[in-house]
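Worksheet for the structure shown next.
The values are calculated or read from the model by the stated rules, or taken from the named source; none is laboratory data. From a predicted model like this one, the values you see are computed outputs, not experimental measurements. Counting neighbours? That spans all protein chains shown, and the Cβs are built from the backbone with ideal geometry, glycine included.
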Amino acid sequence: MTTNIGIKSKAASVEFKQVTKIYGGEVKAVDEVSLHVDAGELVTLLGPSGCGKTTTLRMIAGLEMVSSGSIFIGEQDVTLLPATDRDVSMVFQSYALFPHMNVFENVSYGLRVSKLNKKDILEKTNTGLELVGLAGYGDRLPSELSGGQQQRVAVARALVLEPQVLLFDEPLSNLDAKLRRQVREEIRELQTELGLTVVYVTHDQEEALAVSDRIIVMRNAGIAQSGSPRELYEQPADSFVADFIGEANIMDVQISSVDDHAGLAEVSLGNLSLRLASRGMSAGPAKLAVRPNRIHLLAHSDVPSLAGVVKKSTYVGNHMEYVVATDHGEWFSISDNVDEVFRAGAQVQVVFSERGPVLLPD
Amino acid sequence: MAGVDWHLMNRTIGLWLLVGLLGFCVLPWYVLDDGLWSFEWLTDGYPFDTDYAPALFLLLQGEKLWLSPVPVLLSLPLLGIVLSKLIPTRGRLLGQMLCLAGVLGLAYMLAQGFAIGIRGWNSELLTQAFGELGDRQFGFGYGAMLVCVSFLFFLTTGIAARGAVNGDVFIVGAIGFVIALVGMFILFPVLNMLASAVQDGDGNYSLGVFFSKLFSSKIWGLHCLTENRSCGVAWNSLVLALCVGALTTLLGLVFALVATRSGMRQAHLLRPLTVLPIITPPFVIGLAIILLFGLSGAVTTFVADLLGINPTRWVYGLPGILIAQLLSFTPIAFLVLIGVVEGVAPSMEEASQTLRATRWQTFRTVSLPLMRPGIANAFLLGFIESMADFGNPLVLGGNYDVLSTEIFFAIVGAQNDQGQAAVLAIVLLIFTLSAFYAQRRWLGKKSYTTQTGKGDSGIPAILPRRVLIPSYILVGIWSTFTIVVYGMIFYGGFVEIWGLDHSITLKHYITAFGVTMTDNGLHFRGSAWDSFWTTLRIAATAAPLTAAVGLVTAYLLVRQDFAAKNAFEFGTMLSFAIPGTVIGVAYIMAFNVPPIELTGTGVILVLSFIFRNMPVGIRAGVASMSQLDKSLDEASLTLGANTWRTFREIILPLMKPAILAALVFSFVRAMTAISAVIFLVSAEHNMATSYIIGRVENNDYGIAIAYSTTLIVVMLVVVLLMQLLVGKSKVGRRVAQKVPPTV
Ligand SMILES: Nc1ncnc2c1ncn2[C@@H]1O[C@H](COP(=O)(O)OP(=O)(O)O)[C@@H](O)[C@H]1O
Ligand SMILES: [Mg+2]
């Protein structure tokens, strides 16, 4: 795409300082949340339904006012600014296209409101429509567009204002699966190209992993963990995060000793003895999380391993899925090797990748 | 302070300061004898003549010195702006100064207005305290009104500056404005009148008299159950109103369904047919019913001849009133319900059908429940209309007394007992408020939003057969009946003397609307022209104001959250529950003396229409606004539009059908209303309906009917024009295609 497009970015950072939102004096939708989003970064708020994602997003937009705490956009304290006066645009879950305006009028609405001159409005609107691939659709009414097209209009409408922060609330939830992948890639592309600050709400972990620079996992009105997709996937802070992001085998284990100096913990599992990053834990009960693709099944093993029996063996095209019963629980494992497979009932040895198992607090 | 836009704030203050100064320095302070629209004063001694002088000139001439605090209070905000430029914590200070100016200003204006009247001090106490005043004053005129308005908006702007509703000047101003209007034109007159309920004949306060009146057997008696006497008026009204509410809702729903989802091509013909009764003065239908079913009515005599029995007076009483009110009020229910029926997103029904529901199941479990708000509204409207109607009970009631007619007779009748009228009004109020409460309970907290921002591309479902066929039958009967009734009305205007001499003549029309050419152009010689022009002018003034006040209120109720919203809602709801008769009486009692002198003006008529009909605007607005997805407003806000802009560009256009309904309805009601009007008209401002009633009382049926027919035609034209003007809202929806019949 050319560099002299009419739409630039005024991306700014977002900062929450101990923000709490209480609805109707009772429901704590967001509880003492502090978070930071860098300028030009795409951050996803991920979590199960009702954990406070939408509320957080709406507080950035100024559609809800905080009950306590403060919000900064860039250098400015916007805590008390209403939506109108914040330089933030939002793409709504329902798109919220104005049904009485055509596509052009919808997209140019924000520009008209900010009293730009006619020429700029025309230029920016057309650029916006081009950016989302809808040049030439200006005269249509929203009801004359498909779901995907409506969604793009909503994106264009938010983009043309060159907001400091762009917000998405589950933007893909009304689209079909194939379109979902395509649109999320388009959003990501636009974001990187224009250097936008984006806060993106979703409850779909795959979507979150695919689009984000950083993911903030929310649980019960608070933040469970925040980090890059890789950090979250490989170093989940607790079993909630481990389970919510991708699948994980989670087993009860005992930490027998901790070497504080090296930051390593000694964990034994049957005749397996593992030395893992202690992550600040001390001796005692703990949990062990292992991703299915970090568990390997072997017919014979020279290194220490867990003996088990394959209970279930499923061919799913590009990989195999196994469930293996051992004396230390059932393990779910994925293997890329679809040529040599273990059948149900086969005796196997279970071994873990070196950086596979992660200790979690009990 | 919270989210305050200081630039906007200063501009707002400046604007109201200007308005205040205009009121204080330029416009005549006191009310003018010749009415609001005469400008004789400009050439007649202005600005020095004390009758016409602005307050500034009065004070400079050493007159009405009690007004001298007013300019001081007016300049407070200016001081606030200047000071706040100097001091860093400007928000607090400016907000406080504004609130102070507003509160003190309003309080002082009202206090001096109520304390000093046309005979000096208004109360003995004040005379004793301050001695004889030796001066007097008339009611508020242009100047005083504008100053009050500017104080009001100082107050609301101040409240916004202190952070209320997130510092939104527009919203706080709108809330304050509606509260002030409701307080002044509903609460004040009604309380003023209710106070007379607890007074005995000599003006002493007495609860005993009040309770003995309230629980008298004339109101609550149940004689009709045991013996052949009529029950108390309260029961009569209640039975009638329940029947009318239920039946008009049912009929209205049937019409709305047939008009939108029968797939019948001719269905659009229904609309004019249902609009006809709305544009008909209520008692005209009563008259037509008598012409048909009265003792010597066409149908009665025909049936009596056929069966060889004596004609009876069966129609006088409950049956007659019921029929007449059904004809009159079904269209109101239709107008309310058609909006709702059209608002039910077709995709919901399609969703249901794809879930294997049959058409009937879909209708029963999806469409109908989604129409609940509309159904509840329609019932409530029918109920209250019936309670308030007094044209039809007057003409057709016989021995079936109802509350509204009793109130009327308590005032204009030989008794002239305002206390009794007030007591009856309280009973009426209890009924209507209970109905309102019940409606609330029934609707509960469910969301009925179906129009989302996604643009619905579904196709309205065709009705199931078992609904469609009875609907056709009902519509058929009703339509035929309506056509016959209107035939009678039309025909009656061209008949020499109804019942005696049925030869065709134009003389009624000529007497009423004769026009001759003279050297000076057209001369409107007919006796009806005066009242006709007055009516047209007043209705045209009232309609847009009513719609505006109603829709703004609806917007505040549905879309904004603020402290004491429930109390606010109750206040606006109150006018909904007060029948015209009561408003009429309350207005002449409240606005006969300063500070607000309006009796005998056109303004009092306009005001009575606004506050009589405002609830319809509110209802229509609330019903259609709660079907607009809130994220549409929010999208607009995040795109940088403020609340005013959002209201203007998003809400208003999407509400076109509701606006049209409100405009049409308030215009037509202003043209056809009688209950409040009959108390408020004057020789100078006579209205069509009171003129017609006068003709009826003189047994001049010919002219009465001719005039009514003319009114109907005129309103039809106006309604059509308005429809063109407002335009059809262009919310895209795919049009239902005719489904080929399956073999
Ligand atoms: N307007 C509201 N009034 C009361 N409670 C609300 C409101 N909006 C959200 N909540 C509550 O706040 C919590 C968080 O909601 P939300 O932020 O919408 O969750 P999410 O988007 O993560 O699914 C939920 O328990 C929800 O019931
Ligand atoms: Mg959500």
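Yes/no matrix, rows are residues, columns are (1) crowded, with 22+ Cβ neighbours inside 10 Å; (2) within 10 Å of ligand 1 (Cβ to nearest atom):
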residue: A:Leu45; (1), (2): yes, yes
residue: A:Gly50; (1), (2): no, yes
residue: A:Met59; (1), (2): yes, yes
residue: A:Glu64; (1), (2): no, yes
residue: A:Gln76; (1), (2): no, no
residue: A:Arg86; (1), (2): yes, no
residue: A:Ser94; (1), (2): no, no
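Could you please find all residues in the stretch A:30-54 being part of a strand (DSSP E or B) and within 13 Å of the chain's Cα centre (by Cα)?
A:Leu42, A:Val43, A:Thr44, A:Leu45, A:Leu46
Criterion first (modelled with pLDDT of 85 or more, small (Gly, Ala, Ser) and surrounded by fewer than 15 Cβ atoms within 10 Å (Cβ to Cβ)) does B:Gly20 satisfy it? If you could, list the steps in order and put the result at the bottom.
Working: modelled with pLDDT of 85 or more: yes; small (Gly, Ala, Ser): yes; surrounded by fewer than 15 Cβ atoms within 10 Å (Cβ to Cβ): no.
Against the criterion (modelled with pLDDT of 85 or more, small (Gly, Ala, Ser) and surrounded by fewer than 15 Cβ atoms within 10 Å (Cβ to Cβ)), B:Gly20 does not qualify.
Do you know which of the residues in the stretch A:217-229 that are touching a helix residue (DSSP H, G or I) at 6+ places or on another chain (Cβ under 6 Å) and without any contact (Cβ under 8 Å) to a residue 60 or more places away in the chain is farthest from A:Val91 (Cα to Cα)?
If we take residues in the stretch A:217-229 being touching a helix residue (DSSP H, G or I) at 6+ places or on another chain (Cβ under 6 Å) and without any contact (Cβ under 8 Å) to a residue 60 or more places away in the chain, then A:Gln225 is farthest from A:Val91 (Cα to Cα).
Can you name every one of the helices (runs of 4 or more DSSP H) wholly within the stretch B:250-354 that holds 2 or more residues which are at pLDDT below 85 and buried (at least 19 other Cβ atoms within 10 Å of the Cβ)?
On the way: elements: B:270-278, B:282-293, B:298-307, B:318-343, B:346-354.
Those helices (runs of 4 or more DSSP H) span B:270-278, B:282-293, B:318-343, B:346-354.
Within the set of pairs 6+ apart or on separate chains, which have a first residue in the stretch A:190-216 that is touching a residue at least 12 places away in the same chain (Cβ under 8 Å) and of a type in the set (Asp, Glu), a second that is assigned to a helix (DSSP H, G or I) and away from ligand 2 (no atom under 16 Å from the Cβ), and C-beta atoms under 8 Å apart?
Listed pairs, sorted by first residue: A:Glu207/A:Arg180; A:Glu207/A:Arg184.
Name the residues in the stretch A:303-325 that are closer than 19 Å to A:Phe352 by Cβ and among the small types (Gly, Ala, Ser), would you?
Listed by number, the residues that qualify are A:Ser305, A:Ala307, A:Gly308, A:Ala325.
Tell me which residues, restricted to the stretch A:196-224, are over 26 Å from A:Ser9 (Cβ atoms) and more than 16 Å from ligand 1 (Cβ to nearest atom).
Correct list: A:Glu206 only.
Would you kindly identify the helices (runs of 4 or more DSSP H) lying entirely within the stretch B:106-191 that contain at least 1 residues that are touching a strand residue (DSSP E or B) at 6+ places or on another chain (Cβ under 6 Å)? Steps first, answer last, please.
Working: elements: B:124-130, B:142-161, B:169-182.
Those helices (runs of 4 or more DSSP H) span B:124-130.
Give just the number: which of (1) surrounded by fewer than 20 Cβ atoms within 10 Å (Cβ to Cβ); (2) within 14 Å of ligand 2 (Cβ to nearest atom); (3) under 29 Å from A:Pro142 (Cα atoms) does A:Tyr23 not satisfy?
If we test A:Tyr23 against (1) surrounded by fewer than 20 Cβ atoms within 10 Å (Cβ to Cβ); (2) within 14 Å of ligand 2 (Cβ to nearest atom); (3) under 29 Å from A:Pro142 (Cα atoms), just (3) comes out false.
Check the stretch B:165-183 and report whether any residue there is within 14 Å of chain A (Cβ to nearest Cβ) and aromatic (Phe, Trp, Tyr). Steps first, please.
From the stretch B:165-183, those within 14 Å of chain A (Cβ to nearest Cβ) are B:165-172; that's our starting set.
Subset that is aromatic (Phe, Trp, Tyr): B:170.
Within the stretch B:165-183, one or more residues are within 14 Å of chain A (Cβ to nearest Cβ) and aromatic (Phe, Trp, Tyr).
In the stretch A:189-206, which residue that is within 16 Å of ligand 2 (Cβ to nearest atom) and in a loop (DSSP other than H, G, I, E, B) is farthest from the other protein chains (Cβ to nearest Cβ)?
A:Asp204
For the subset of the stretch A:51-68 comprising residues that are within 12 Å of ligand 2 (Cβ to nearest atom) and of a type in the set (A, V, I, L, M, F, W, C), which member is farthest from the other protein chains (Cβ to nearest Cβ)? Can you show your working first?
Taking the stretch A:51-68 as the starting set, the residues that turn out to be within 12 Å of ligand 2 (Cβ to nearest atom) are A:51-58.
Retained after the next criterion (residues that are of a type in the set (A, V, I, L, M, F, W, C)): A:51, A:57.
Details: A:Cys51: 20, A:Leu57: 11 Å.
Going through the qualifying residues, I end up with A:Cys51.
Among the residues of the stretch A:249-271, which ones are within 15 Å of A:Pro361 (Cα to Cα) and touching a residue at least 24 places away in the same chain (Cβ under 8 Å)?
Once the filter is applied, which keeps residues that are within 15 Å of A:Pro361 (Cα to Cα) and touching a residue at least 24 places away in the same chain (Cβ under 8 Å), the stretch A:249-271 yields A:Asn249, A:Ile250, A:Met251, A:Asp252, A:Val253, A:Gln254, A:Ile255, A:Ser256, A:Ser257, A:Val258, A:Ala265, A:Val267.
Being closer than 17 Å to A:Ile250 by Cα, surrounded by 13 or more Cβ atoms within 10 Å (Cβ to Cβ) and of a type outside the set (Val, Ile, Thr) narrows it down to one residue among A:Phe342, A:Phe352; which is it?
Working: A:Phe342 fails: closer than 17 Å to A:Ile250 by Cα.
From the options A:Phe342, A:Phe352, the qualifying one is A:Phe352.
Considering every residue within the stretch B:569-585, establish whether at least one is touching a Gly at 6+ places or on another chain (Cβ under 8 Å), modelled with pLDDT of 80 or more and crowded, with 24+ Cβ neighbours inside 10 Å. Reasoning before the result, please.
To start, the set of residues in the stretch B:569-585 that are touching a Gly at 6+ places or on another chain (Cβ under 8 Å) comprises B:571.
Checking which are modelled with pLDDT of 80 or more leaves us with none.
No: zero hits.
Name the helices (runs of 4 or more DSSP H) wholly within the stretch B:571-690 that hold at least 3 residues that are touching a residue at least 12 places away in the same chain (Cβ under 8 Å) and within 14 Å of chain A (Cβ to nearest Cβ)? Let's see the steps before the verdict.
Numbers: elements: B:580-590, B:602-625, B:630-638, B:643-646, B:656-672, B:677-680.
Filter on the stretch B:571-690 gives B:630-638, B:643-646, B:656-672.
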